[in-house]
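First the structure, in the form of structure tokens, and then the observations on it.
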Amino acid sequence: MDRNSIIRYKGSLDSIAQYIEGERGEQVEVWFARELMTVLGYARWENFQSAIARAIESCKSQKINADDHFREVTKMITIGKGGQREVDDFMLTRYACYLIAMNGDPKKEEIAFAQSYFAVQTRKVELIEERLNLLSRLETRDRLRASEKQLSQNIFERGVDDRGYGCIRSKGDTALFGGHTTEDMKKRLGIKSTRPLADFLPTLTIAAKNLATEMTNYNVDQKDLQGEASITTEHIQNNRTVRKMLGARGIRPENLPAAEDIKKVERKVASEEKQIVKTAMKLPKND
């Protein structure tokens with residue numbers, strides 16, 4: 001997500017935030033569901049109600065009182081010729097909005113942004129952007145794991161054992177990194193030999209490895225490739241193709257610096273999510 005999109009989405013969510021007085025006189029930030037619905041890209045209230053219901057169930061499953069964060073209210077809206085009618089709505093805390101976003105479709109850019117916007121207890125663009133980047137790297141790493149698992153299954157069915165699978169992956173890396181082997185790259189980046197190289201690669205390089213692996217999976221299936229030799233040739237070609245594409249844009253993957261250990265990123269995101277619950281401000285009790 002580019003910075004302009006982040007600023008635009010942030011401005012939209014900031015503009016519909018309101019403040020009410022909490023139990024101890026503190027200012028509680030709230031959003032109203034019918035306004036939030038539009039910003040999150042929902043066209044129908046019925047569909048958004050379903051997302052709210054899932055969020056409420058998620059809240060209850062964590063042994064948190066949903067009434068502290070979700071409150072049914074009614075409001076008047078203007079209809080044709082200046083008339084008004086009463087409609088159902090919800091008053092939502094930041095935590096409620098976070099749960100709604102987490103129960104939405106992360107493929108929608110608005111939802112992906114909202115997940116980080118409501119998770120970060122600040123309005124600073126830089127911190128929201130940082131969290132979006134962390135989540136993007138985690139998601140990309142997960143996709144690579146899935147495609148490599150699929151490759152493993154595909155080639156085992158075609159007569160390739162564990163040793164052969166390791167050789168295929170290694171030769172793919174050598175093609176992608178311009179002649180540098182997997183172990184070469186670990187040494188260049190200061191990675192322990194026992195750790196996966198991909199756990200320390202930047203998001204762009206992980207995505208490049210994933211694209212090459214997905215291409216191999218596709219062609220192994222479409223061409224019904226059999227045996228280690230033919231699959232190795234296919235994987236090398238795909239990594240060379242991806243490398244050529246990156247090179248055309250002036251990118252040499254072997255020259256990119258190491259990124260933070262993916263395990264640390266996972267712990268950081270998990271810790272932030274725990275803080276969301278701890279710091280969540282509650283709605284005042286109904287009189």
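Readers should treat all values here as calculations from the given coordinates under stated rules, not as data from a laboratory. Since the structure is predicted, the reported quantities are computational estimates derived from the model, not experimental observations. Note that each Cβ is placed from the backbone with ideal geometry, even for glycine, and that neighbours are counted across all protein chains shown.
Here are some notes:
- Shape box of region 133-256 [Cα atoms, principal axes, largest first, Å]: 36, 33, 28
- Helix 3-15 vs. the chain, principal-axis angle (Cα, 0 to 90°, nearest 10): 20
- Of Lys107/Lys244; Lys108/Lys264; Lys186/Lys278; Lys107/Lys186; Lys108/Lys282, those spanning more than 30 Å from alpha-carbon to alpha-carbon: Lys186/Lys278; Lys107/Lys186
- Table column - 3J(HN,Hα) (Hz), region 218-235, Karplus curve with 6.51, -1.76, 1.60, x for Gly and Pro: 4, 6, 4, 6, 5, 8, 6, 5, 10, x, 5, 4, 5, 6, 4, 4, 4, 5
- Karplus (6.51, -1.76, 1.60) ³J(HN,Hα), θ = phi - 60°, over region 51-57, in Hz, Gly and Pro reported as x: 5, 5, 4, 5, 5, 5, 4
- A simple count of charges around Lys264, restricted to other residues whose Cβ falls under 13 Å of its Cβ and scoring Lys, Arg +1 and Asp, Glu -1, yields +1.
- Of the trypsin sites (Lys or Arg not before Pro) in region 24-121, the ones in a loop by DSSP (not H, G, I, E or B) with at most 11 other beta carbons within 10 Å are Arg24, Arg44, Lys63, Lys107.
- Nearest-0.05 FRET efficiency for Asn133 and Thr241, computed from C-beta distance (R0 22 Å): 0.25
- Förster-model FRET efficiency, 51 Å R0, Ile7 and Thr194, C-beta, rounded to 0.05: 0.75
- Viscosity 1.002 mPa s, temperature 20 °C, Stokes-Einstein D of region 193-286 from Kirkwood C-alpha radius, µm²/s: 129
- Taking 0.36 nm per residue of sequence separation and removing the Cα-Cα distance, the Glu183/Gln84 pair yields an extension gain of 28.7 nm.
- Computed over the Cα atoms of region 47-194, pair by distinct pair, the Kirkwood hydrodynamic radius stands at 20.0 angstrom.
- Reported label for calculated volume of the Cα convex hull per residue in Å³ given (1) 121; (2) 175; (3) 186: (3)
- Estimated FRET transfer efficiency when R0 is 30 angstrom, pair Val277-Ala53 (beta carbons, to 0.05): 0.90
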